[in-house]
Amino acid sequence: MRTLTYILAFGGSVMASLIFVRFAMRMAVQWDVQDHPIGRKDHAKVTPLLGGLGIYAAFVTVLGAGLAAVYGVSHTMADNDLFALLAQQQPLLQTAFPKLLALMAGATLLLIIGIIDDIHGIDFSPAIKLVAQIVAAAIAVAGGAQSSFLPAPWLNFVFSMAWIVAISNAFNFLDNMDGLSAGIGLICGALFFWLTASQGQYFSALTFSILCGALLGFLWYNRHPARIFMGDVGSLFTGYMFGVLTLTSSYVVSDSTSLLPVIIPIVVLGVPIYDAVTVILIRIRERRPVYVGDQCHISHRLLKLGMSRNQAVLFVHLICIAIGMSALLLPYLSLRLSMFVLVQTILIYLILTLLIRAGSKRK
């Protein structure tokens with residue numbers, strides 16, 4: 001029954017996303033919320049934005065239907081063996097509901113800000129955007145989405161706030177090529193689903209499966225050449241979801257030999273973090289505003305090496321898979337073997353750095 005609920009949640013989210021993203025595409029064209037190929041942008045045609053609105057709508061619809069199913073089954077079919085698992089989730093749902101409510105409140109705030117940003121484009125104040133991200137993070141943290149591994153409560157609060165804002169911006173930065181940000185989100189979501197499902201974290205796994213389905217449905221329209229972009233409304237929502245959900249999941253198990261598995265989110269989400277950090281450092285070094293877009297991202301520099309767009313996106317996806325799969329072993333490895341995994345991760349990023357530096361010299 002547990003596996004069946006995961007399949008239904010994922011499949012339902014894919015179908016809902018396929019429908020809602022198409023509606024979002026029509027809405028963006030009707031409202032002329034579109035990305036025009038000017039300046040640093042290199043897509044060949046005017047492309048609708050607001051794809052993230054479809055991702056959000058699919059996620060909320062399936063999550064709401066799932067919560068309603070758990071509540072309904074627990075009150076009407078609790079004696080039915082087929083639905084016994086869902087009936088058992090009612091007490092857990094009551095405990096998790098405040099976190100879910102805070103999660104969706106923050107996500108909805110970023111949805112609104114993202115829509116406004118997509119409408120106004122570069123005229124929208126980055127300061128307002130940052131303040132909205134901080135407020136959304138504060139809502140989630142106040143609702144209980146925060147770390148617990150640091151020695152002082154205020155340290156956990158500060159780290160949680162910074163983490164949510166950082167991951168939200170990392171996915172916002174990563175949304176620079178067809179299928180890239182959504183594809184990385186799908187890969188990371190699948191990895192976190194596998195981890196939480198294998199550890200029996202039912203609600204976390206169910207939420208990740210819904211998020212993966214929404215991203216996969218969007219990717220059908222976003223693969224190169226993209227028919228729609230997720231826009232800031234989608235990249236902020238996706239990043240925010242990962243920032244919050246990784247704080248509400250656990251990583252250390254009874255077999256863990258240390259607290260090292262707590263860094264799993266940093267490792268799995270390492271590609272968007274790496275891309276954001278390198279781009280920010282380049283912009284600071286060149287004395288340019290960090291919030292103004294450019295073509296210094298990993299994907300752009302891989303193009304300079306001679307890769308096609310699809311090859312560059314696939315290359316970044318494969319890096320994310322290779323690093324993420326190794327990270328999932330951390331809860332079960334000895335400390336010595338865990339260090340080998342971390343060294344391997346560092347070496348992969350060093351190889352990637354050498355490649356993109358070579359791409360920069362071909363500019």
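Applying the selection to segment 145-160, what residues are assigned to a helix (DSSP H, G or I) and surrounded by fewer than 19 Cβ atoms within 10 Å (Cβ to Cβ)? First the steps, then the outcome.
Just the residues of segment 145-160 that are assigned to a helix (DSSP H, G or I), to begin with: 153-160.
Answer for segment 145-160, where residues must be assigned to a helix (DSSP H, G or I) and surrounded by fewer than 19 Cβ atoms within 10 Å (Cβ to Cβ): P153, W154, L155, N156, F157, V158, F159.
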Go over the candidates S209, S258, S204 one by one and state the one that is small (G, A, S) and surrounded by fewer than 21 Cβ atoms within 10 Å (Cβ to Cβ).
S258
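Is it true that some residue in segment 125-133 is assigned to a loop (DSSP other than H, G, I, E, B) and over 12 Å from the mean Cα position of the chain (by Cα)? Steps first, please.
Quick first cut of segment 125-133, residues assigned to a loop (DSSP other than H, G, I, E, B) only: 125.
Restricting the remaining residues to those that are over 12 Å from the mean Cα position of the chain (by Cα) gives 125.
Yes, segment 125-133 has at least one match.
Out of curiosity, is D275 acidic (D, E) and within 20 Å of A162 (Cα to Cα)? Outline the logic, then answer.
Working: acidic (D, E): yes; within 20 Å of A162 (Cα to Cα): yes.
It is true that D275 is acidic (D, E) and within 20 Å of A162 (Cα to Cα).
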In this structure, does P331 turn out to be outside any loop (DSSP other than H, G, I, E, B), in contact (Cβ under 8 Å) with a residue 12 or more places away in the chain and touching a Pro at 6+ places or on another chain (Cβ under 6 Å)?
yes
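Residues that are assigned to a loop (DSSP other than H, G, I, E, B), under 30 Å from A28 (Cα atoms) and of a type in the set (S, T, N, Q): does segment 170-177 have at least one?
Let us first name the residues in segment 170-177 that are assigned to a loop (DSSP other than H, G, I, E, B), namely 175-177.
Filter once more, so that each one left must be under 30 Å from A28 (Cα atoms): 175-177.
Of the ones still in play, those that are also of a type in the set (S, T, N, Q) are 176.
Yes, the conditions are met somewhere in segment 170-177.
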Can you say whether L174 is at pLDDT below 95 and either on the phi > 0 side of the Ramachandran plot or buried (at least 16 other Cβ atoms within 10 Å of the Cβ) (or both), as far as the supplied structure shows?
yes
Every residue in segment 234-262 that is under 10 Å from the mean Cα position of the chain (by Cα) and either more than 30 Å from S148 (Cα to Cα) or among the aliphatic types (A, V, I, L, M) (or both), please.
L236, M241, V244, L245
Being within 30 Å of P126 (Cα to Cα), part of a loop (DSSP other than H, G, I, E, B), of a type outside the set (G, A, S) and over 16 Å from the mean Cα position of the chain (by Cα) is the filter here, so list the residues in segment 193-233 that pass it.
R223, H224, P225, R227, I228
Looking for something modelled with pLDDT of 90 or more, in a helix (DSSP H, G or I), under 20 Å from P265 (Cβ atoms) and under 22 Å from the mean Cα position of the chain (by Cα) - is there at least one such residue anywhere in segment 299-313?
no
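Each row is one residue, and each column tells you yes or no for (1) in contact with a helix residue (DSSP H, G or I) (Cβ under 8 Å, 6 or more places away or on another chain); (2) surrounded by 22 or more Cβ atoms within 10 Å (Cβ to Cβ); (3) modelled with pLDDT of 95 or more.
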site: V29; (1), (2), (3): no, no, no
site: G39; (1), (2), (3): no, no, no
site: L50; (1), (2), (3): yes, yes, no
site: T61; (1), (2), (3): yes, no, yes
site: A68; (1), (2), (3): no, no, no
site: M77; (1), (2), (3): yes, no, no
site: L86; (1), (2), (3): yes, yes, no
site: Q90; (1), (2), (3): yes, no, no
site: D118; (1), (2), (3): yes, yes, no
Quickly run through segment 267-290 and pick out the residues that are surrounded by 21 or more Cβ atoms within 10 Å (Cβ to Cβ) and part of a loop (DSSP other than H, G, I, E, B).
L269
The conditions are (1) surrounded by fewer than 21 Cβ atoms within 10 Å (Cβ to Cβ); (2) at pLDDT below 90; (3) more than 21 Å from S168 (Cβ to Cβ), and I321 fails exactly one of them. Which is it?
(2)
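A quick yes/no check of all residues on (1) part of a helix (DSSP H, G or I); (2) of a type in the set (S, T, Y):
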| site | (1), (2) |
| --- | --- |
| P265 | yes, no |
| V292 | no, no |
| C296 | no, no |
| V341 | yes, no |
| T345 | yes, yes |
| I348 | yes, no |
| I356 | yes, no |
Hey, can you tell me all the residues within segment 1-27 that are in a helix (DSSP H, G or I), modelled with pLDDT under 90 and either of a type in the set (A, V, I, L, M, F, W, C) or in contact with an Asp or Glu (Cβ under 6 Å, 6 or more places away or on another chain) (or both)?
L4
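Of everything in segment 301-315, what is surrounded by fewer than 21 Cβ atoms within 10 Å (Cβ to Cβ) and in contact with a helix residue (DSSP H, G or I) (Cβ under 8 Å, 6 or more places away or on another chain)? Give them in sequence order. It would help to see each step written out before you state the result.
Narrowing segment 301-315 to residues surrounded by fewer than 21 Cβ atoms within 10 Å (Cβ to Cβ): 303-311, 314-315.
Selection gives L303, K304, L305, M307, R309, Q311, F315.
The values are calculated or read from the model by the stated rules, or taken from the named source; none is laboratory data. Bear in mind the structure is a predicted one, so any value in this text is a computation, not a measurement. Please note: Cβ atoms are built from the backbone with ideal geometry, for glycine as well, and neighbour counts cover all protein chains shown.
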